[in-house]
1. Scanning the stretch 1-37 for residues that are assigned to a strand (DSSP E or B) and touching a Pro at 6+ places or on another chain (Cβ under 8 Å), which turns out modelled with the highest pLDDT?
2. What number of residues within the stretch 99-119 satisfy the criterion of being under 9 Å from residue 6 (Cβ atoms) and not basic (Lys, Arg)?
3. Report whether or not residue 82 is in a loop (DSSP other than H, G, I, E, B) and either at pLDDT 85 or above or more than 15 Å from the chain's Cα centre (by Cα) (or both).
4. So which residues in the stretch 97-113 are in contact with a Lys or Arg (Cβ under 9 Å, 6 or more places away or on another chain) and assigned to a strand (DSSP E or B)?
5. If you scan the stretch 38-70, which residues turn out to be modelled with pLDDT under 80 and under 16 Å from residue 95 (Cβ atoms)?
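The values are calculated or read from the model by the stated rules, or taken from the named source; none is laboratory data. Just so it is clear, the structure is predicted and the values come from calculations on it, not from any experiment. Note that we place each Cβ from the backbone using ideal geometry, even for glycine, and neighbour counts take in every protein chain shown.
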Amino acid sequence: MPKSHLVAETSSEELLNGESLRVILHPDSKRDAQPSSESYELKHIFIDGDIFWGSFGTIAHSVTLEQTAQQEAHKDKGINSSIPCAYAYSNHYSFATIFSYLMNVTRFTETLAYEHIRFVSKQTDQIIWEDHKKK
């Protein structure tokens, strides 16, 4: 996926000023017959200059019949989509990180299934500390 598909409508500075971060995942309609967007609040944020990563808490996905067949086919590889996982997305890198504490696994996966990955922020928290030396 070209980096241009990563759309950051927020900045590291806004996040440092207390704004909450959401990721909106727009599926690639060419790859998905019934595309529907997903949105998650990224409660855990890691910032390095203009680059940020955001992750949301552990969730367990519902499993379809097709996924059950895929799980059976991949069980020897340790892949199980019904295991609770946490996901992290970056405004700079075109891959996601998947964590599973139950499987003790961290994986990196390309985000090719998404046409656009948007990052948006919203002022939800008050600033409780400010570095006056920065000014």
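1. Only one residue tops the list, namely 26.
2. 4
3. Judged against the criteria, residue 82 is a match.
4. Answer for the stretch 97-113, where residues must be in contact with a Lys or Arg (Cβ under 9 Å, 6 or more places away or on another chain) and assigned to a strand (DSSP E or B): 97, 98, 99, 100.
5. Of everything in the stretch 38-70, nothing turns out to be modelled with pLDDT under 80 and under 16 Å from residue 95 (Cβ atoms).
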